[in-house]
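Student: So that we are looking at the same thing, I have put the structure below in structure tokens.
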Amino acid sequence: MTLAIVLAADDPAASLPTRSGESLADRLADQLRRAGADEVRHAADLAELAALVDAATHPVLVTGADLVAHTAVLRHLATSPVGPTVALVLTDPPGHGRTAVREERGQVVEAGPPEALDGRATGVFGGALRVGVDDLPALARAARAAAGTVPAGPPSAVAPPVPAGPPSVAAVPPSAAGPAVVGPAVDRLFAGLNGLGTLTFAQRVRLLVAHRVSDRTGLAAAEAAVAAVDEDRAELKLSVKERDDFFTTFFVSTWSPYVTKASAKLGLGPTAVTMISVAFAVAAAVLFGVGGRAALVVGAVLLYLGFVLDCVDGQVARYTRHFSAWGGWLDTMADRAKEYVVYAGLGYGATQAGFRYGWALAIAAITLQTVRHMTDTWYGVLHDEAARRPKVTVASGGGIGDKLNAASNRVQADTGSVSYWLKRTVVFPIGERWALIAITVALFGPLVSLYAVLAWGVLAFAYTGALRTLRARWMRVPVLDTVDTTLYRDDGPLARLLPVARRPGPLALAVLATLPAAIVLLIALRGGDAAPPPRWTLPLALVGLLLAGGVAGVAHNGPLDWLVPAVLRAGEFLFAIAVGVVGDVPPWLIFGYVFVLTLHHYDLTARLEKRQAAPPLHGGTLGWDGRSVLLALAAIVGFAGIGMATLGTYLLVVFVGSVVLAWVVLPARAARASVGLAGAGGRSPG
């Protein structure tokens, strides 16, 4: 349900006659209905808009009466998945009284008169915004403040409590009042909302057309510009990501829109395309395991086609505007599952070809990639938080971090240059990983493919890790102290019971805690055919690992503490692998156990990253500490393989149970409760 409000507020453009004969305000109202609004209201002034917002219980779409745009522009704004509150941002030069904006990483971090932004503006407010339910109180207060009926007041007086979600929603707001804005009511409204610290994302028009007009001449020019663009063709092109990786841009996106169009015509939704992509990847993995030149070549082709479909599912979602929390979660989980199933196929194929450490390479690949993804997630959160705290960033000093940040921004702005594509490629994104696997396995076989993935992965990890560490030390923005740290760390009950250790700090202690397991594993691997380290080394490694639980209740507010979750993942994986090697567990079983752990960790990360609650059965996963203790006990009594298989099966059942509860049972129960309440409210008294 979406309420759309056309804010006329004595705007002379509202009554301008359009080509169809109706007024501009009336045409906007009709476009809003076609864009998906369930109810459209006209507000004569900001006070009336505030009253409408007070009564709203669903997202509200607000537009000024001077906007000329494709209907798709409004539909994209209404359905944008980037965040609950989104504003239309244009590249037009700011007119008199219009609000200029400054964006960083897709967030509007500053809004006000162009002169107040002092040349830092990256665009101009497009006169339309969608406001999420949690931000409606702030919208109502901003409307009354802009109308002059109440002062804006400090953010704490109007902003709802920050939920225990991702750190990016807990940003330090800018000035409460914001720069003084004069001009159209919708501009004053948006500047006031931004001044209250509301986290707002930017929605760009790109290939479509949107302009704000003030007279008949401007209206005629804008209508001509809208008519000159084929709306459907532009939407199809817009389904492709604006900035993607080199391989995806030149070897997938050049023809994937045709598949997207065909999928939409066939009625295939994003979920169906995702499932087909999974099937292609699984088939490729099976062929990699079978071996033989023909099977490897066919598998490489299937892997490439599976990656094309992996891009198409997102394109179908953007083209048809079918977004959902379930779809986003499924896409994340399917991407990782497909890649790791392929690693399993390569490991099995290399082993079958006579290389005894094929599974070991596959285990190394899945561990490396998962830890990398955890650092990617938290660095993105860190960067978003830094964007919301520009004054904090500047106050912390410059140095090499400042120079790296400026250099990175210059390269990112130089789209299409050699340096731009090198930066996009060197980090080894998913397109390049799948391309490398397909090419190397077809030409050389699974063993070379695994070596290539590991070599490039290690170099990419070292490159990104070094640069991000330097930039993070410069930004000095804590992120883990704004959320439930124990949840993000994936602590179990044992970690929370351990004595608190405030020295040497969360990150340093987490790194030290991983060393014993790493040492035991290295000794075991260096031993080769000799007997593995005795089982008594595992309790020592476990005690070392549990040291990381001593800082579970300590504030994680250091400039590099965003790395703690990734280090804990590495520590748990290394310990599990060490248990497997010392306990003489079959390598395929070790891989399977680590694979199940990755499902659990990606499930947790995907939910928290998208501002959702933890998995329903999260408490049943025992935490990294509980799982490690159970594995160690099983190995000590001589049942490492049975213990690993049992614990892995249990975690898989808990994962599936959480998925069913979160996406089937609980939504159905909530829907029935909603219908029941509606029915009770609609009954007449008996």
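The values are calculated or read from the model by the stated rules, or taken from the named source; none is laboratory data. Here the structure is a predicted model, which is why all the values come from computation and not from measurement. Cβ coordinates were reconstructed from backbone atoms using ideal geometry, including for glycine residues, and neighbour counts include every protein chain displayed. Surface accessibility is based on the protein's heavy atoms, side chains included, excluding ligands, DNA and RNA. Shrake-Rupley method; radii C 1.70, N 1.55, O 1.52, S 1.80 Å.
Student: Working only within the range 484-516, note down all residues that are outside any helix (DSSP H, G or I) and open to solvent by less than 20 Å² (accessible area, probe 1.4 Å).
Tutor: Asp490, Asp491, Gly492, Gly505
Student: On to the next question. In the range 141-160, which residues are touching a Leu at 6+ places or on another chain (Cβ under 8 Å), of a type in the set (A, V, I, L, M) and at pLDDT 55 or above?
Tutor: Listed by number, the residues that qualify are Ala142, Ala143, Ala146, Ala147.
Student: Take the range 565-590 and flag every residue that is over 24 Å from Thr375 (Cβ atoms) and either assigned to a helix (DSSP H, G or I) or under 33 Å from the mean Cα position of the chain (by Cα) (or both).
Tutor: Hits for the range 565-590 are Val579, Gly580, Val581, Val582, Pro587, Trp588, Leu589.
Student: Considering only residues that are assigned to a helix (DSSP H, G or I) and aromatic (Phe, Trp, Tyr), look in the range 396-432 and name the one that is modelled with the highest pLDDT.
Tutor: Ranking the qualifying residues of the range 396-432, first place goes to Trp421.
Student: Working only within the range 36-68, note down all residues that are open to solvent by 10 Å² or more (accessible area, probe 1.4 Å) and within 33 Å of the chain's Cα centre (by Cα).
Tutor: Hits for the range 36-68 are Gly36, Ala37, Asp38, Glu39, Val40, Leu52, Asp54, Ala55, Ala56, Thr57, His58, Pro59.
To keep it simple, each residue is scored yes or no on (1) part of a helix (DSSP H, G or I); (2) open to solvent by less than 10 Å² (accessible area, probe 1.4 Å); (3) in contact with a Ser or Thr (Cβ under 6 Å, 6 or more places away or on another chain); (4) over 17 Å from Pro446 (Cβ atoms).
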site: Thr351; (1), (2), (3), (4): yes, no, no, no
site: Arg356; (1), (2), (3), (4): no, no, no, no
site: Ala360; (1), (2), (3), (4): yes, no, no, no
site: Ala364; (1), (2), (3), (4): yes, no, no, no
site: Gln369; (1), (2), (3), (4): yes, yes, no, no
site: His373; (1), (2), (3), (4): yes, no, no, yes
site: Val381; (1), (2), (3), (4): yes, no, yes, yes
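Student: Hey, another quick one. Among what's in the range 217-232 and is free of Cβ contacts under 8 Å to residues at least 40 places away in the same chain and in a loop (DSSP other than H, G, I, E, B), pick the residue that is nearest to Val73 (Cα to Cα).
Tutor: Selected residue: Asp230.
Student: Could you go through the range 453-470 and let me know if any residue there is at pLDDT 85 or above, under 19 Å from His373 (Cα atoms), under 20 Å from the mean Cα position of the chain (by Cα) and among the charged types (D, E, K, R).
Tutor: yes
Student: Is the range 131-141 home to any residue that is within 21 Å of Ala185 (Cβ to Cβ), in a helix (DSSP H, G or I) and of a type in the set (Gly, Ala, Ser)?
Tutor: Within the range 131-141 (the criterion being within 21 Å of Ala185 (Cβ to Cβ), in a helix (DSSP H, G or I) and of a type in the set (Gly, Ala, Ser)), the answer is yes, since at least one residue qualifies.
Student: Filter the range 206-216 down to the residues that are assigned to a loop (DSSP other than H, G, I, E, B) and open to solvent by 30 Å² or more (accessible area, probe 1.4 Å) and list them by number.
Tutor: Residues satisfying the conditions are Arg206, Leu207, Ser214, Asp215.
Student: If Ala294 satisfies every condition in (1) out of contact with any Phe, Trp or Tyr (no Cβ under 7 Å at 6 or more places or on another chain); (2) assigned to a helix (DSSP H, G or I); (3) farther than 25 Å from Leu436 by Cβ but one, which is the exception?
Tutor: Of the numbered conditions (1) out of contact with any Phe, Trp or Tyr (no Cβ under 7 Å at 6 or more places or on another chain); (2) assigned to a helix (DSSP H, G or I); (3) farther than 25 Å from Leu436 by Cβ, the odd one out for Ala294 is (3).
Student: Here is a check on your reading of the model: is Pro167 farther than 22 Å from Leu46 by Cβ, surrounded by fewer than 18 Cβ atoms within 10 Å (Cβ to Cβ), at pLDDT below 95 and not hydrophobic (A, V, I, L, M, F, W, C)?
Tutor: no
Student: Within the range 49-104, which residues are among the basic types (Lys, Arg) and under 16 Å from Arg204 (Cα atoms)?
Tutor: Our first condition is that a residue be among the basic types (Lys, Arg); within the range 49-104, this holds for 75, 98, 102.
Result: Arg75, Arg102.
Student: Could you look through the range 72-120, keep only residues that are over 24 Å from the mean Cα position of the chain (by Cα) and open to solvent by 50 Å² or more (accessible area, probe 1.4 Å), and pick out the one that is modelled with the highest pLDDT?
Tutor: Looking at the filtered set, the residue picked out is Thr91.
Student: So in the range 650-667, with the set limited to residues that are β-branched (Val, Ile, Thr) and free of Cβ contacts under 8 Å to residues at least 12 places away in the same chain, which one is least open to solvent (accessible area, probe 1.4 Å)?
Tutor: Restricting attention to the range 650-667, the residues satisfying the condition of being β-branched (Val, Ile, Thr) are 653-654, 656, 659-660, 664-665.
Filter again for free of Cβ contacts under 8 Å to residues at least 12 places away in the same chain, leaving 653, 656, 660, 664-665.
Details: Val653: 94, Val656: 73, Val660: 66, Val664: 88, Val665: 51 Å².
Step by step, filter the range 650-667, then rank; the result is Val665.
Student: Determine which member of the set Ala438, Ala442, Ala455, Ala466 is under 16 Å from Leu346 (Cβ atoms), open to solvent by 50 Å² or more (accessible area, probe 1.4 Å), small (Gly, Ala, Ser) and assigned to a helix (DSSP H, G or I).
Tutor: Ala455
Student: Give all pairs with beta carbons closer than 7 Å in which a residue from the range 542-553 that is without any contact (Cβ under 8 Å) to a residue 40 or more places away in the chain meets a residue that is surrounded by fewer than 20 Cβ atoms within 10 Å (Cβ to Cβ) and part of a helix (DSSP H, G or I); count only pairs at least 6 apart in sequence or on separate chains.
Tutor: What qualifies is Gly544/Leu515.
Student: So, in the range 541-564, how many residues would count as being at pLDDT 90 or above and within 27 Å of the chain's Cα centre (by Cα)?
Tutor: Let us first name the residues in the range 541-564 that are at pLDDT 90 or above, namely 541-546, 563-564.
Right, trim to within 27 Å of the chain's Cα centre (by Cα) and you get 563-564.
Total meeting the criteria: 2.
Student: Same structure again: Among the residues that make up the range 607-619, is at least one of them among the hydrophobic types (A, V, I, L, M, F, W, C) and at pLDDT 90 or above?
Tutor: Yes: one or more hits.
Student: If you don't mind, there's one more thing I want to ask. With the structure loaded, tell me whether Thr260 is under 21 Å from the mean Cα position of the chain (by Cα), in contact (Cβ under 8 Å) with a residue 12 or more places away in the chain and within 30 Å of Gly416 (Cα to Cα) or whether it fails that test.
Tutor: no
Student: On to the next question. Here's a check for you: in the range 610-625, which residue that is part of a loop (DSSP other than H, G, I, E, B) and free of Cβ contacts under 8 Å to residues at least 60 places away in the same chain is least open to solvent (accessible area, probe 1.4 Å)? Outline the logic, then answer.
Tutor: Step one: filter the range 610-625 for residues part of a loop (DSSP other than H, G, I, E, B), giving 610-617, 622.
Filter once more, keeping what is free of Cβ contacts under 8 Å to residues at least 60 places away in the same chain: 613, 615-617.
Values: Ala613: 77, Pro615: 13, Pro616: 58, Leu617: 65 Å².
Filtering first and then ranking leaves Pro615.
Student: Given (1) more than 16 Å from Ala317 (Cβ to Cβ); (2) open to solvent by 20 Å² or more (accessible area, probe 1.4 Å); (3) not in a loop (DSSP other than H, G, I, E, B), where does Lys265 come up short, assuming only one miss?
Tutor: Going through (1) more than 16 Å from Ala317 (Cβ to Cβ); (2) open to solvent by 20 Å² or more (accessible area, probe 1.4 Å); (3) not in a loop (DSSP other than H, G, I, E, B) one by one, Lys265 breaks only (1).
Student: Looking at the range 318-328, can you tell me whether even one residue there is open to solvent by 10 Å² or more (accessible area, probe 1.4 Å) and free of Cβ contacts under 8 Å to residues at least 12 places away in the same chain?
Tutor: Checked the range 318-328: at least one residue is open to solvent by 10 Å² or more (accessible area, probe 1.4 Å) and free of Cβ contacts under 8 Å to residues at least 12 places away in the same chain.
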